[in-house]
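Engineer: Pasting a structure here, questions to come.
The values are calculated or read from the model by the stated rules, or taken from the named source; none is laboratory data. The structure displayed is predicted, hence computed values, not measured ones. Here the Cβ positions follow ideal geometry from the backbone for every residue, glycine too, while neighbour counts run over all protein chains shown.
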Amino acid sequence: MSNMGARVARIFRNFNLENRAHREISKSKPRAAPRHPTESSVLQSDTADTITEDIHQKNNPLLSMLKDVYVESKDPVPQGEPVAVVKKVEQETERRLLKFSLPGDPYGICDITDVPKGKLSIVEALTALNNHKRMPKTWTPEKLAQEYSLDKKDAKALTEFFIPFDVKIIPPKLEETKRIKDS
C-alpha cells in the first residue's frame, strides 16, 4: 500500500516540472544591496582629517582633571569569615626539611630542600608507603603522621588508598595443564 502512495506522490511532485522550473528562472532577480563605503573613500573626506587632529591634540582641561584623581585600594574582608582566617592566610606556612631525597640530580627533584608541613615530596611518599608495606605494625598511619608532620586523617588515607610496588607474579604454565586441542 505504501508503494502505491509513493507512486502517486511522485506523479504529483513531477507534474509539469519543466514549466515550473522555467517560470522560476525567468522571474526578475532581486537587486543587490548597495556596497558599504570603503576605507579609501572615508580617508579622503575632510572629516577624517579633523578627527585625526582632534585625537593628537592635547586637551588641558582633561589632563588637569586626571591629575586630581587619586585611587586608594583595599581588599574587602570576606563576609561570613572571621578576620583571624584572613590573617592566618597572610602568614607564611611552616616548612620542614626533607627526610629523604634522591642521590644525584634526576629530573630536578634534588632542587627541593624543604616542603610545607602537611605535605610530602615524591621520594618521601614512596619511602613512607614502602615502609608501611614492609612493616605495617611498626609504620602505622599514626607514626607516619608524626614522622612527616601530616594529619592523621591524611596519613590513614595515604596508607589505605595508595598501594605502590604491588607486583603480582603469575606462575609459568605447566605441561600437565589441560588444553583444548584444535581439530
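Engineer: Can you name the number of the only condition in (1) over 19 Å from Glu94 (Cα atoms); (2) outside any loop (DSSP other than H, G, I, E, B) that Asp154 fails?
Structural biologist: (1)
Engineer: Show the residue pairs that are 6+ apart or on different chains and have beta-carbon atoms under 8 Å apart, the first residue being within segment 135-147 and under 15 Å from Gly118 (Cβ atoms), the second being among the charged types (D, E, K, R) and in a loop (DSSP other than H, G, I, E, B).
Structural biologist: Ala145/Asp151; Glu147/Lys99
Engineer: Regarding segment 86-101, can at least one residue be identified that is in contact with a Pro (Cβ under 8 Å, 6 or more places away or on another chain), modelled with pLDDT under 80 and assigned to a helix (DSSP H, G or I)?
Structural biologist: Taking every residue of segment 86-101 in turn, at least one turns out to be in contact with a Pro (Cβ under 8 Å, 6 or more places away or on another chain), modelled with pLDDT under 80 and assigned to a helix (DSSP H, G or I).
Engineer: A further question on this structure: If I ask for residues that are polar (S, T, N, Q) and surrounded by 11 or more Cβ atoms within 10 Å (Cβ to Cβ), which ones from segment 120-168 would you list?
Structural biologist: Ser121, Thr127, Asn130, Asn131, Thr140, Gln146, Ser149, Thr159
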